[in-house]
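Reviewing the structure listed below.
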Amino acid sequence: DVQLQASGGGLVQAGESLRLSCAASGFSFEHYCVGWFRQAPGKEREGISCFSSSGNSSIYADSVKGRFTISIDNAKKMVYLQMNMLKPEDTGVYYCTAGPFLGLLLSDVDYWGQGTLVTVSS
């Protein structure tokens, strides 16, 4: 079965950086947009970024554009999210995801990981 195991969350101060990792298995990166959603306390889940190997394309939510960078290692089946210049509003549970389209809608996601918590203090 498909597995998406996120790690790397933690406690950081505003302005600092953090790198999230996702170990993927059970599917081909060539047929999915792999990426990240997040959910802040009391807020709706939102799409952050995904990367499509077939088109060599990535998309980002406006809230993280210029600060976050998604990357993959196809050989290792890993997905990464480099988060720079973190803000308190970036706090939330980050989920590794996979879906068939280049998109950031909840309906675009076929598979969800368990999530890793990121807390940014001011």
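The values are calculated or read from the model by the stated rules, or taken from the named source; none is laboratory data. Note that this is a predicted model, so its numbers are computed, not measured. Neighbour counts are summed over all protein chains in view; Cβ atoms, including those assigned to glycine, are modelled from backbone coordinates with ideal geometry. Please note that ligands, DNA and RNA were not included when accessible areas were found on the heavy atoms of the full protein model with its side chains. Shrake-Rupley method; radii C 1.70, N 1.55, O 1.52, S 1.80 Å.
Hey, what's the chain come to in accessible area per residue, 1.4 Å probe, Å²?
Each residue of the chain exposes 51 Å² on average to a 1.4 Å probe.
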request  = Could you calculate the contour length gain from Asp1 to His31, that is, 0.36 nm times the residue separation minus the distance between their Cα atoms, to one decimal place in nm?
outcome  = 9.3 nm
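If we count every other residue with Cβ under 11 angstrom of Asn84's Cβ, Lys/Arg +1 and Asp/Glu -1, where does the sum land?
+1
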ask   = Taking all protein chains as present, what is the carbon and sulfur share of the accessible area of region 1-120, in % to the nearest whole number, probe 1.4 Å?
value = 48 percent
remark   = Over all pairs of different Cα atoms in the chain, the reciprocal of the mean inverse distance gives a Kirkwood radius in Å of 14.1 Å
task = Please report the relative contact order for the chain, taking Cα pairs under 8 Å with a sequence separation of at least 6, and give it as a percent rounded to a whole number.
result = 36 percent
Accessible area of Thr69 in the full protein assembly, 1.4 Å probe (Å², nearest 10) = 70 Å²
ask   = From the phi of every residue in region 94-110, what ³J(HN,Hα) in whole Hz does the Karplus formula 6.51 cos²θ - 1.76 cosθ + 1.60 yield, where θ is phi - 60° and glycine or proline is x?
value = 9, 10, 7, 9, 9, x, x, 10, 7, x, 10, 8, 4, 5, 7, 8, 9
message = Starting from the 7 Å offset along Cα-to-Cβ, what nm value, one decimal, do you get for the label separation of Glu16 and Met78?
response = 2.1 nm
key: Gain upon complete extension [Thr69, Lys87; 0.36 nm per residue less C-alpha separation]   = 5.0 nm
request  = May I ask for the Rg/Rh ratio of region 28-71, computed from Cα atoms with Rh as the Kirkwood radius, given to two decimals?
outcome  = 1.03
Charge sum, other residues only, whose C-beta stays under 15 Å from Ile72's C-beta, Lys/Arg counted +1 and Asp/Glu -1 = +1
remark   = Here the net charge surrounding Ala6, from other residues whose Cβ is less than 12 Å away from its Cβ (Lys, Arg +1; Asp, Glu -1), is +2
task = With a point put 7 Å past each Cα toward its Cβ, work out how far Phe101 is from Ser121 in nm, to one decimal.
result = 4.2 nm
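So if we plug the beta-carbon distance of Ser57 and Ala23 into 1/(1 + (r/R0)^6) with R0 = 25 Å, what FRET efficiency do we get, rounded to 0.05? Don't skip to the answer; put the middle values down first.
Values: r = 23 Å, r/R0 = 0.90.
The calculated FRET efficiency here is 0.65.
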